[in-house]
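Single-structure report; data block below.
The values are calculated or read from the model by the stated rules, or taken from the named source; none is laboratory data. Every value quoted in this text rests on a predicted model; they were computed, and no experiment measured them. Don't worry about glycine lacking a Cβ; one is built from the backbone with ideal geometry, like all the others, and counts go over all protein chains shown. Heads up: the accessible areas ignore ligands, DNA and RNA and are worked out on the full protein's heavy atoms, side chains in. Shrake-Rupley method; radii C 1.70, N 1.55, O 1.52, S 1.80 Å.
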Amino acid sequence: MEKQQGLVVSSWQEQDLSSICLRAKVLAFDLDTTLARSKTRMTEPVAFQFATMTRIMPVAIVSGGRFEQFQEQVLDVLPVETNRFNLHLMPTSGTRYYRWDGGNWSQVYAHDLSEQDRHAAAASLQRRAQELGFWEEKTWGPRIEDRGSQITFSALGQEAPVDKKEAWDPTNEKKNALTSAVAGDLPHLQVRSGGSTSVDISARGIDKAYAVQKLAGILDIAIDQMVFVGDRMDPDGNDYPAAQAGTMALRVSDPQDTLTLLQRMEPLLMSKS
């Protein structure tokens, strides 16, 4: 599907939720800063509301994080009432896909990078971060993580405190500068600004647009029948490709905002059944 150029995604509060819910057949979400704060678990109210949605229609999570982050941040806190058969998990920006088989989460596909590309990506991230002055002395955990299908740079380390991460680049200027520099080194790969301190590198053409298009095909729906909820809907953000692909994109500011959105959507979606 041709991407929508120059697309501006407004806050969900400025959109017609009634019309959106009337057309919606799938709900898809980003994870960090959308369902939960960076690297933290969903709160109980968000987990409860999210579980409610799985009993109404198919629900997907598409995020730059590893499957293990999905497990810790989402799956481990979902209530027993969750319909796991209605959950579609797409970690590492959709480069991997998992479904519930009745007893475990089973990997359906994975698009792993070659060893050569993973090495080149890690080397470029380190070199460019040092040149730009983003190679911080104080870190919590590894700065660069090899996720197989994705290489991820986290400026303060994977385990940095949430408040430190949220304060590091509130305008996204640092991540965007690093993304641009690394993209010049790796023109054959996809380089995109990720979460609060991260830059993600994967195979070209495999991003959140690919993920939502793939999911639409699996579920046999039109792409414009899918709602995508995310916080990074700006043109440099990693949720933007999902909007460009033609989903009904809803921009949120944080997990509390997402909770309010879902509480508004629930009766509208229930009224269709």
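Here are the numbers for this structure:
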{"item": "Top-ranked residue of region 53-64 - restricted to ones that are of a type outside the set (Ser, Thr, Tyr) and free of Cβ contacts under 8 Å to residues at least 40 places away in the same chain, ranked as most open to solvent (accessible area, probe 1.4 Å)", "result": "ARG55"}
{"item": "Yes/no for THR152 being hydroxyl-bearing (Ser, Thr, Tyr), farther than 30 Å from PRO58 by Cα and surrounded by 15 or more Cβ atoms within 10 Å (Cβ to Cβ)", "result": "no"}
{"item": "Residue check for ALA203: over 15 Å from ASP239 (Cα atoms) and within 17 Å of the chain's Cα centre (by Cα)", "result": "yes"}
{"item": "Set PHE50, PHE70: member being buried (at least 19 other Cβ atoms within 10 Å of the Cβ), aromatic (Phe, Trp, Tyr) and within 24 Å of GLN190 (Cβ to Cβ)", "result": "PHE70"}
{"item": "Test for ASP236: is it in contact with a Ser or Thr (Cβ under 9 Å, 6 or more places away or on another chain), outside any helix (DSSP H, G or I), surrounded by fewer than 15 Cβ atoms within 10 Å (Cβ to Cβ) and touching a residue at least 40 places away in the same chain (Cβ under 8 Å)", "result": "yes"}
{"item": "Subset of region 81-105 (residues that are of a type outside the set (S, T, N, Q), under 18 Å from the mean Cα position of the chain (by Cα) and assigned to a helix (DSSP H, G or I))", "result": "PRO91, GLY94"}
{"item": "Test set (1) surrounded by 24 or more Cβ atoms within 10 Å (Cβ to Cβ); (2) over 30 Å from SER19 (Cα atoms) - VAL229 fails condition number", "result": "(2)"}
{"item": "Some residue of region 246-256 being part of a helix (DSSP H, G or I), open to solvent by 10 Å² or more (accessible area, probe 1.4 Å) and closer than 20 Å to THR139 by Cα", "result": "no"}
{"item": "Residue among LEU215, LEU259 that alone is outside any loop (DSSP other than H, G, I, E, B), touching a residue at least 60 places away in the same chain (Cβ under 8 Å) and in contact with a helix residue (DSSP H, G or I) (Cβ under 6 Å, 6 or more places away or on another chain)", "result": "LEU259"}
{"item": "Matching residues in region 116-146 - criterion: being in a strand (DSSP E or B), of a type in the set (D, E, K, R) and under 14 Å from THR197 (Cα atoms)", "result": "GLU145"}
{"item": "Region 156-196, subset acidic (Asp, Glu) and in a helix (DSSP H, G or I), residue surrounded by the most Cβ atoms within 10 Å (Cβ to Cβ)", "result": "GLU166"}
{"item": "Long-range neighbours under 9 Å by Cβ, at least six apart or interchain, first residue under 14 Å from THR179 (Cα atoms) within region 116-129, second among the basic types (Lys, Arg)", "result": "LEU125/ARG143; GLN126/ARG143; ALA129/ARG143"}
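Let's see how each residue does on (1) closer than 19 Å to ASP185 by Cα; (2) at pLDDT 95 or above; (3) touching a strand residue (DSSP E or B) at 6+ places or on another chain (Cβ under 7 Å):
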position: GLY94; (1), (2), (3): no, no, yes
position: TYR98; (1), (2), (3): no, yes, yes
position: GLN116; (1), (2), (3): yes, yes, no
position: HIS119; (1), (2), (3): yes, yes, no
position: LEU125; (1), (2), (3): yes, yes, yes
position: GLU137; (1), (2), (3): no, no, no
position: GLU159; (1), (2), (3): no, no, no
position: LYS165; (1), (2), (3): no, no, no
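Residues checked against (1) exposed (fewer than 15 other Cβ atoms within 10 Å of the Cβ); (2) under 30 Å from ALA47 (Cα atoms); (3) over 21 Å from the mean Cα position of the chain (by Cα):
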site: PRO79; (1), (2), (3): yes, yes, yes
site: GLN107; (1), (2), (3): yes, yes, no
site: LEU113; (1), (2), (3): no, no, no
site: LYS138; (1), (2), (3): yes, no, yes
